[in-house]
Every structure is written in structure tokens, then in C-alpha cells.
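Shown next, in C-alpha cells, is the structure this report addresses.
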Amino acid sequence: MSKTVIIYTQETCPPCHEEKLWLKEKGIPFEERDIRKDSTYLDELIDLGASATPVTVIKKGEEETVIFGFDREKFEEFMSEN
């Protein structure tokens, strides 16, 4: 089953840039939602319980995992699962 990756970002966030680069290097497609360009994305970020970026939502079927911050180990774990 395929995974959908959504990353909430903002332009002034160095960890956001690092995470996007890492995802691109791994060939992992993602949807970027810049909270400064669309207030709807900021509302979604707040609804997730976050107060900082990056926040990444990984969806697999009905399952949804939320990762706060850029944590390579968690990403490796979730992205390697079938």
C-alpha cells in the first residue's frame, strides 16, 4: 500500500529545508504545505497539536502518523514499513 507524505513548512525554517532535501534524496514524494502562504495550512497544523514546523503527516490507508520536527530515525522506520 502506498504512503502519502504531507509536510507543513515555512520558508524561515532550517529543519524544514533539511527534511525536504532528505525526502528528495530518498526519492520520497511529498506534498508541501507552507503555513505562511495559506492560513488553512496553519489551521491544520494547529489542529494537529503543533506549535512549530516541520510537522509531517504520513498516511497509509486509514492509518495516519504525525511526526513533529525532523527525526531521521522515525522517518526511516515509517518509510521502510510495507
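A few notes on this one:
- Taking first residues from the range 36-52 that are without any contact (Cβ under 8 Å) to a residue 12 or more places away in the chain and partners that are part of a loop (DSSP other than H, G, I, E, B) and surrounded by 13 or more Cβ atoms within 10 Å (Cβ to Cβ), the Cβ contacts under 6 Å between residues at least 6 apart in sequence or on separate chains come to Leu42/Ile35.
Residue-by-condition table, conditions (1) surrounded by 17 or more Cβ atoms within 10 Å (Cβ to Cβ); (2) in a helix (DSSP H, G or I); (3) of a type in the set (A, V, I, L, M); (4) in contact with a Lys or Arg (Cβ under 7 Å, 6 or more places away or on another chain):
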site	(1), (2), (3), (4)
Arg36	no, no, no, no
Tyr41	yes, yes, no, yes
Ser51	no, no, no, no
Lys59	no, no, no, yes
Val66	no, no, yes, no
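- Screening Lys59 with (1) in contact with a Cys (Cβ under 9 Å, 6 or more places away or on another chain); (2) within 19 Å of Lys3 (Cα to Cα) gives one miss only, at (1).
- Members of the range 53-71 that are more than 12 Å from the chain's Cα centre (by Cα) and at negative phi: Lys60, Glu62, Glu63
- Within the range 58-82, residues that are within 18 Å of Tyr8 (Cα to Cα) reach partners that are among the acidic types (Asp, Glu) and surrounded by fewer than 13 Cβ atoms within 10 Å (Cβ to Cβ) with beta carbons closer than 8 Å, at six or more positions or on different chains, in the pairs Ile58/Glu64; Lys60/Glu81.
- Any hit, the range 15-29, residues being outside any helix (DSSP H, G or I), surrounded by 14 or more Cβ atoms within 10 Å (Cβ to Cβ) and not hydrophobic (A, V, I, L, M, F, W, C): no
No value in this document is a laboratory result; all are computed from the given coordinates. For clarity, every value in this text was computed on a predicted model and none was experimentally measured. Positions of Cβ are generated from backbone atoms using ideal geometry, with glycine treated the same way; all protein chains shown enter the neighbour counts.
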